[in-house]
1. Would you say LYS124 is part of a helix (DSSP H, G or I), closer than 18 Å to ILE36 by Cα and modelled with pLDDT under 85?
2. For SER48, indicate whether it is at positive phi and over 19 Å from the mean Cα position of the chain (by Cα).
3. Quick check on LEU100: is it more than 23 Å from GLU63 (Cβ to Cβ) and part of a helix (DSSP H, G or I)?
4. Please state which one of GLU132, GLU78, GLU63, GLU70 is in contact with an Asp or Glu (Cβ under 7 Å, 6 or more places away or on another chain) and of a type in the set (Asp, Glu).
5. Of (1) small (Gly, Ala, Ser); (2) at pLDDT 90 or above; (3) surrounded by 10 or more Cβ atoms within 10 Å (Cβ to Cβ), SER108 satisfies all except one. Which?
6. When only residues in segment 51-72 that are within 14 Å of the chain's Cα centre (by Cα) and free of Cβ contacts under 8 Å to residues at least 12 places away in the same chain count, which is nearest to ALA145 (Cα to Cα)?
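The values are calculated or read from the model by the stated rules, or taken from the named source; none is laboratory data. It should be emphasised that the depicted structure is a prediction, and the values quoted were computed from it without experimental measurement. Heads up, the Cβs are rebuilt from the backbone with ideal geometry, glycines too, and the neighbour counts pull from every protein chain shown.
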Amino acid sequence: MLKKLVVSGVILSVLALFPVTQGCAKKAPPKSEDKIGMLIDRLSASLSLSSGQKTAVETLKKEIKEKNEESRIARKDEGRQIDEAFKAEIMKEKIDPAKLNKVLDAASEKREELRRFMVQELAKFHALLTAEQKQKLAGLMKEIAPQPAPPR
């Protein structure tokens, strides 16, 4: 039973870390920094930013793109490390949960670090805006945000 659970965990981790493309003819989805950049561009255009604000926003976009690229490279390495750790532990007579948790915790901490960075960048973006732009941004976010599914 434990082996089935561990194998299931390995499969789920690999699937989560390495997205599978769904066909050769389909266009690849935009990278996360491209999505964020498109969102920032869309919001910026709607907020009528000043030239100084536009310059600051471009700097934020560049910071986000660089951080995402670093994160993507790190996730590839982490994926390999997680895969190797699971393979090594599965081959043993008894699995050492502490070793697996250490590798998985390190990966989780990197994701948490990226999340904190993104919140900080959002705060910088928000600080650039006038009170009127902040109100307009709140309205735009209501339009853009996905609507929750109705309860069943």
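1. It is false that LYS124 is part of a helix (DSSP H, G or I), closer than 18 Å to ILE36 by Cα and modelled with pLDDT under 85.
2. Criteria met by SER48.
3. yes
4. Result: GLU63 is the single residue among GLU132, GLU78, GLU63, GLU70 that is in contact with an Asp or Glu (Cβ under 7 Å, 6 or more places away or on another chain) and of a type in the set (Asp, Glu).
5. (2)
6. GLU66
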